[in-house]
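Here the structure is laid out as structure tokens; the discussion comes afterwards.
The values are calculated or read from the model by the stated rules, or taken from the named source; none is laboratory data. Note that the structure is a prediction, hence the values are computed from the model and not measured. Neighbour counts run over all protein chains shown; Cβ positions are idealised from the backbone, glycine included. Just so you know, the surface numbers come from the protein's heavy atoms only, side chains and all, with ligands and any DNA or RNA stripped out. Shrake-Rupley method; radii C 1.70, N 1.55, O 1.52, S 1.80 Å.
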Amino acid sequence: MVTNLPAEAKAKWIKYMDAKTTEEKIKALQDFLSAVPKHKGTENLVYWAKRRLAELKEEAQLERRKSSSVGRGLQFFIEKEGAGQVVMIGDNQLKNELMRKLTNVKNDPEELPVPGMMKYLDVQIQLVNTPPLIFEARSLIGRILGLAKNADELLIVVRDKTMFDNIKAYLDSNGVTLRKPKGKIVIDRARQGNTGIRIVPMGKLVNTTEDEIRRYLESFGIKNALVKIFGEVTLDDVEREVFQTTIYKPSVTVTLEEFSDPDTIVVKWKDLEKLKESIFRALDVIRVYTKEPGSKPSGEPLVVKRGSTVIDVARKLHNEFAEQFKYAKIWGKSAKFPGQKVGADHILDDGDIVEIHT
């Protein structure tokens with residue numbers, strides 16, 4: 001059931017969403033909590049907000065320690081690179097061995113995570129090997145959990161089903177679910193121009209309408225956005241996307257003892273080629289090749305999330321391309337014919353070639 005919040009609380013939530021620094025987010029979230037009425041209908045939201053506030057305070061403390069140290073110091077956060085960031089958790093010995101096989105990185109993490117790049121097809125995927133997962137070490141596991149929440153995908157390395165179930169239960173109790181929802185909603189508030197809320201249905205709405213979704217988003221002060229609908233989506237799903245109380249993470253699980261689970265892709269330990277393919281597929285990305293008028297397409301793809309539009313690609317190339325965008329020409333699966341002229345909201349497919357005109 002959609003949480004019924006007063007206008008003041010909704011306005012304060014938007015301020016939290018727009019906050020840039022950790023300190024700004026802490027202040028905005030504290031203000032939001034003070035404006036939320038405390039009753040049974042808001043229990044879960046208040047619980048999540050308090051837990052998120054505690055995480056932010058720990059992040060702020062780490063940032064202060066880092067800034068007071070000499071030079072860059074030791075960093076737990078890993079900046080994303082490549083087609084996506086895949087964070088490895090699970091059995092320490094097995095994931096260290098797997099990291100060496102997939103990336104040739106031989107350094108084993110002790111206190112800090114270790115990144116490496118895995119090549120699949122014509123893209124590079126970043127793997128991040130985390131320190132040993134010790135459930136008693138609250139500070140360490142909190143940081144690993146932060147890496148998991150920020151990742152594009154999880155690679156869970158286990159010996160058997162029992163180990164997997166323990167990790168899955170811990171993630172679930174901390175707001176990270178491996179269970180893929182029936183639908184997904186993407187709200188792009190960075191849409192160019194004052195053009196209102198446009199909804200692009202690539203699935204179906206359940207017990208709600210496009211007008212109801214618009215009114216709900218407008219009640220938060222969101223007046224201009226591109227909203228993409230995938231699968232079956234309810235108004236509750238829209239609220240979960242706005243508040244992000246539960247984060248879904250696609251996952252691939254590597255195991256010594258074979259088992260099955262409906263919420264993850266399970267791959268046998270020695271099947272490396274299937275593992276690489278599964279990691280790429282679970283990222284749910286597409287490869288887009290750009291070209292200039294009269295030139296050949298680029299040799300290296302631009303990797304974007306499935307469901308991305310032409311303006312998403314323009315924005316990723318350079319903000320000026322998005323700001324001065326006129327139209328684009330498309331070759332590939334999403335085009336009705338080669339060189340089709342399309343607008344900013346045209347949704348792309350894997351392997352498409354895009355020529356942007358400004």
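Taking H as built 1.01 Å from N, whose amide H comes closer than 5 Å to the amide H of Leu302, not counting residues under 5 places away?
Counting only residues 5 or more places away or on other chains, the set is Val288, Tyr289, Thr290.
Compare Lys274, Lys336, Lys106 by solvent-accessible area with a 1.4 Å probe and give them largest first, with all protein chains kept in place. Before the final figure, lay out each step's value.
Values: Lys274 95, Lys336 175, Lys106 145 Å².
Descending order: Lys336, Lys106, Lys274.
By accessible area of protein heavy atoms, probe 1.4 Å, what ranking do Thr253, Thr3 get, highest first? Show your work: numbers first, answer last.
Values: Thr253 0, Thr3 20 Å².
Final ranking, largest accessible area leading: Thr3, Thr253.
With a/c under 1.5 counting as rounded, go ahead and sort region 164-273 into rounded, prolate or oblate using the C-alpha gyration tensor (a ≥ b ≥ c being the square roots of the eigenvalues; past the cut-off, prolate if a/b is larger than b/c, else oblate).
Details: a/c = 2.76, a/b = 2.44, b/c = 1.13.
The shape class here is prolate.
I need the phi-derived Karplus couplings for region 242-248: 6.51 cos²θ - 1.76 cosθ + 1.60, θ = phi - 60°, integer Hz, Gly and Pro marked x.
Working through the residues one at a time gives 5, 8, 6, 5, 10, 9, 8 Hz.
Within region 198-350, what whole-number % of the accessible surface is contributed by carbon and sulfur, with the 1.4 Å probe and all protein chains included in the calculation?
On the way: 3680 of 7890 Å².
For region 198-350, the apolar C and S fraction of the accessible surface comes to 47 percent.
Taking R0 as 51 Å, what's the FRET efficiency between Asn44 and Ser295 from their Cβ-Cβ distance, rounded to 0.05? The partial results should precede the final answer.
Numbers: r = 53 Å, r/R0 = 1.04.
Approximately 0.45, to the nearest 0.05.
With a 1.4 Å probe and all protein chains in place, put Ser34, Ser308, Ser219 in order of accessible area, largest first.
Details: Ser34 90, Ser308 10, Ser219 50 Å².
Result of the area sort, largest leading: Ser34, Ser219, Ser308.
I'd like the Kirkwood hydrodynamic radius of region 213-273, using the inverse of the mean 1/r over distinct C-alpha pairs, in Å.
Working: mean 1/r = 0.0669 Å⁻¹.
Its Kirkwood hydrodynamic radius stands at 15.0 Å.
Rounded to the nearest 0.05, what FRET efficiency is calculated for Asp165 and Lys223 with R0 set to 30 Å and r the Cβ-Cβ distance?
On the way: r = 45 Å, r/R0 = 1.49.
So, using R0 = 30 Å, E works out to roughly 0.10.
Which far-off residues, 5 or more places away or on another chain, put their amide H under 5 Å from the one on Ser334, with H placed in the peptide plane?
Sorted by chain and number, the residues that satisfy this are Asp349.
Taking θ = phi - 60°, what integer Hz values does the Karplus form 6.51 cos²θ - 1.76 cosθ + 1.60 yield along region 102-115, in sequence order, with x for Gly and Pro?
So the J values, rounded to whole Hz, are 8, 10, 6, 7, 9, 6, 8, x, 10, 10, 10, x, 10, x.
Counting only protein heavy atoms and using a 1.4 Å probe, what share of the accessible area of region 73-127 belongs to carbon plus sulfur, as a whole percent?
Working: 1240 of 2720 Å².
Carbon and sulfur atoms account for 46 percent of the accessible area of region 73-127.
Charges only on Cβ, +1 for Lys and Arg, -1 for Asp and Glu: so what's the dipole of region 150-216 about the Cα centre, in debye to the nearest 20?
Dipole about the Cα centre, nearest 20: 160 debye.
For the chain, divide the Cα radius of gyration by the Kirkwood radius and give the resulting Rg/Rh value with two decimals.
On the way: Rg = 21.6 Å, Rh = 22.4 Å.
Taking Rh as the inverse mean 1/r over Cα pairs, Rg/Rh reads 0.97.
With springs only between Cα atoms under 10 Å, which of Val105, Val206, Val157 fluctuates most in a Gaussian network model of the chain?
Val206
Of Lys20/Lys223; Lys38/Lys182; Lys249/Lys316; Lys15/Lys180, which ones are farther than 25 Å apart at the Cα? Numbers along the way, then the final one.
Details: Lys20/Lys223 20 Å; Lys38/Lys182 30 Å; Lys249/Lys316 23 Å; Lys15/Lys180 29 Å.
Correct reply: Lys38/Lys182; Lys15/Lys180.
Please find, in a Gaussian network model of the chain (springs between Cα atoms separated by less than 10 Å), the residue of Thr234, Thr21, Thr103 whose mean-square fluctuation is greatest.
Of the options given, Thr21 has the highest mean-square fluctuation.
Report ³J(HN,Hα) in whole Hz for each residue of region 155-165, in order, from the Karplus equation J = 6.51 cos²θ - 1.76 cosθ + 1.60 where θ = phi - 60°; Gly and Pro get x.
10, 9, 10, 9, 8, 7, 5, 4, 5, 4, 4
Quick one: which residues, 5 or more positions from Ala225 or on another chain, have an amide H under 5 Å from its amide H? H modelled 1.01 Å from N in the peptide plane, none for Pro or chain starts.
The answer is Gly196, Ile197, Arg198.
Grab the alpha carbons of region 210-353, take their convex hull, and tell me the volume per residue in Å³. Intermediate values should be presented prior to the final figure.
Working: hull volume 24.0 nm³, N = 144.
So the per-residue Cα hull volume is 167 Å³.
Mind checking which aspartates and glutamates have their Cα closer than 19 Å to the Cα of Lys291? Skip sequence neighbours fewer than 8 apart in that chain.
Asp122, Glu300, Asp312, Glu320, Glu323, Asp345, Asp349, Asp350, Asp352, Glu355
Could you give the accessible area per residue of the chain, probe 1.4 Å, as a whole number in Å²?
Each residue of the chain exposes 52 Å² on average to a 1.4 Å probe.
Let a ≥ b ≥ c be the square roots of the eigenvalues of the Cα gyration tensor of region 295-358; is it rounded (a/c under 1.5), or, if not, prolate (a/b larger than b/c) or oblate? Intermediate values should be presented prior to the final figure.
Working: a/c = 1.32, a/b = 1.20, b/c = 1.10.
In terms of gyration-tensor shape, rounded.
If I take R0 = 41 Å and measure r between the Cβ atoms of Ser173 and Asp350 in this structure, what FRET efficiency does the formula 1/(1 + (r/R0)^6) give, to the nearest 0.05? Before the final figure, lay out each step's value.
Values: r = 35 Å, r/R0 = 0.86.
Result of the calculation: an efficiency of 0.70.
Would you calculate a helix-derived [θ] at 222 nm for the chain, using -39,500 (n - 2.57) for each DSSP H run of n ≥ 4 and dividing by the full residue count, to the nearest 500?
Values: 11 runs with 133 residues, N = 358.
It lands at -11500 deg cm²/dmol.
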